[in-house]
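For reference, the structure is listed below as structure tokens.
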Amino acid sequence: MEDTDQNKTTEIKPTADTLLVLNTYNNKIEMVKGIDKEGNLQKVPPENKKDNDQLIRVDKHGDLFSNFFSNFYRQLKNPTHFNFFKVSEYDAVDTAKDLQQYVDQASPEEKEKLKEYEIIPKNTNPLKNQNTMENNTDNQEYRFQPEQIDWKTMEKLGLSQEKLEKMNALDPLLRGYKTNTLIPITINLGAAVSKMDVRLSLQEGDTGDIGIKLHGIRREPNLNLKFLGHEFTEEDKKNLMESGNMGRVVDLVNPKTDEIIPSVISRDRLTNELVAYRAEYMKIPDEIKGIKLDEHQKQTLLEGKALYLEGMTSTKGTSFDATVQFNADKRYVEFIFDNNQKQQQSQSNPQHQNQNQNQNQNKIKNSEPPRIFRDKELDDKQYEKFKAGETVYVSGFVDSKGKEYQGYITFNKETSKTDFSFTNPNKLREKAQPSESHKTQTAVNTDGKSNEATKNIKEPLQSKQQQPANKQQQEQQKKPARSRGRKM
């Protein structure tokens, strides 16, 4: 018994590592305790020795540490504000004090040398700019690793890692998003088997386990019920059903903590599920397809409203106009190609909305045909015809691959837009008109009419026939038509 007690007292715990953090804003070195539910870093000053038992403890083995730190780093609300260093848990206090002294006295050049000892998580680039219009799943860092997924549960749904990869569904899952498309699954309950289409997502539970969430299809969202404490107005309902975005920031209530969270709300267009996103996390790009946003335009988007932009440039180099708006489901600013949404930016000002409508109508009426189309300038003769509404042949256009092509353009006065065609639309219209031979055949065979060259022929005329086709028809044509006078 005594030997057992002695063994307990002399047992040596395996050593582990912990993390030190340098706050780049205040140059303060602290020890890492963890991350709260909001993604904020929990820290402990090295002076508080009684809190040292609460420090994060990480297995020293390379792969395990790398996987842990990558996941840890992605959960941070503002990861670029901090520099992390791995040290032994037993040396953490002394190392933190020494490092603080170094930071306080070091020159900017000497501080740069610290980056040699800084930990950078794999699959994560903290300097990567995500503040662009193409801020979709391809620009987001991985939040989960494949080995964290419960593949046994996936198997029960008829899914595997290979199958998800082939469907291009695994990547958005690992980035913390829902799958981009509906995924067919099978739920086998023994006595009953159910097949359905859903969107999938991964969610981290309170214990750190990664769960699989199914987002089933609803016939329509129930907008008559409160959503996280928010009661929808008629305008809210209309916007959600038409554009998919509610169009304003509202206060929502976290059902677990009763915290009031300003958020935007959107409708998942694939499943009709309502999705909320914190307003503080919204990222608005500085530029959208060549149009630099001013502060007023950025604020409009931050308020959840729609913004109509003109003169954007597509990836093919063509100019286009569209409405843009932040989508809570996609978590970035999206394009809404619907002219009816053009007026949403002035919802709160009906007078301004009417002015926009009148201006747009006048703009169409008074619009001048463009002199340049697809970077090709028309000469005076071409422009005069084009301006008059005639079809103009233009050569020397260049496509996105640098190859030249040609075509026909016509100015549509009703829409104030240029119509393009590779074939002459006038020729197509002429080709669609019936020929003289076709008119003759139709007149004789269908309408009971005749022409001089075939009026005495008894048989139906053949296609395009305007003359007697053989000797028999020639003889018939020579004979005068018998009088069909009425007998008395």
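Only four residue types carry charge here, +1 at the Cβ of Lys and Arg and -1 at the Cβ of Asp and Glu. Report the dipole size of the range 137-216 about the Cα centre in Debye, rounded to the nearest 20.
360
Sorting check: for 235-242, 374-381, which peptide has the highest mean count of neighbouring beta carbons within 10 Å, and how do the rest follow?
Values: 235-242: 16.5, 374-381: 12.6.
Per-residue mean Cβ counts within 10 Å order the peptides as 235-242, 374-381.
Sort LYS289, LYS403 so that the residue with the fewest other Cβ atoms within 10 Å of its own Cβ comes first and the one with the most comes last.
The order, fewest Cβ neighbours first, is LYS403, LYS289.
Could you give the nm distance between label points at GLU414 and TYR281, where each point is 7 Å from its Cα heading toward the beta carbon?
4.7
Whole angstrom only: what separates the Cα centroid of the range 374-390 from the Cα centroid of the range 30-45?
66
Evaluate the Debye formula for the range 137-216 with equal point scatterers sitting on the alpha carbons, no solvent, and hand back log10 of I(q)/I(0) at q = 0.24 Å⁻¹, in q order, two decimals.
For the range 137-216 at q = 0.24 Å⁻¹, log10 I(q)/I(0) is -1.24.
Taking the beta-carbon count within 10 Å as an exposure proxy, list VAL275, VAL398 from fewest neighbours to most.
Details: VAL275 19, VAL398 13.
The fewest-first ordering by Cβ neighbours comes to VAL398, VAL275.
Work out the FRET efficiency for GLN145 and GLN54 from their Cβ-Cβ distance, taking R0 = 41 Å, and round it to the nearest 0.05.
According to the calculation, E is roughly 0.95.
Which of PHE320, PHE373 comes first, and how do the rest follow, when ranked by fewest Cβ neighbours within 10 Å?
So the ranking, lowest neighbour count to highest, is PHE320, PHE373.
Enumerate the amide H contacts of GLU334 below 5 Å, restricted to partners 5 or more residues apart or on another chain; note that Pro and chain-start residues carry no placed amide H.
GLN325, PHE326, ASN327
Work out the FRET efficiency for MET167 and HIS296 from their Cβ-Cβ distance, taking R0 = 45 Å, and round it to the nearest 0.05.
Working: r = 42 Å, r/R0 = 0.93.
Efficiency computed from Cβ-Cβ geometry: 0.60.
Highest mean first, what order results for 243-253, 88-98, 33-43, 190-200 on Cβ atoms within 10 Å? Walk me through the numbers on the way to the answer.
Working: 243-253: 20.4, 88-98: 16.0, 33-43: 14.5, 190-200: 12.5.
With the highest mean Cβ count within 10 Å placed first, the list reads 243-253, 88-98, 33-43, 190-200.
With +1 on the Cβ of every Lys and Arg and -1 on the Cβ of every Asp and Glu, and nothing else charged, how large is the dipole of the range 372-431 about its Cα centre, in debye rounded to the nearest 20? Mind showing how you got there, number by number?
Numbers: 12 positive and 11 negative charges, 47 e Å.
The calculation lands at about 220 debye.
All of the numbers you see were taken from the coordinates with simple rules; none came from a lab. The shown structure was predicted, so the numbers you read here are calculated from the model rather than taken from an experiment. Note: ideal-geometry Cβ built from the backbone for every residue, glycine included; neighbour counts use all protein chains shown.
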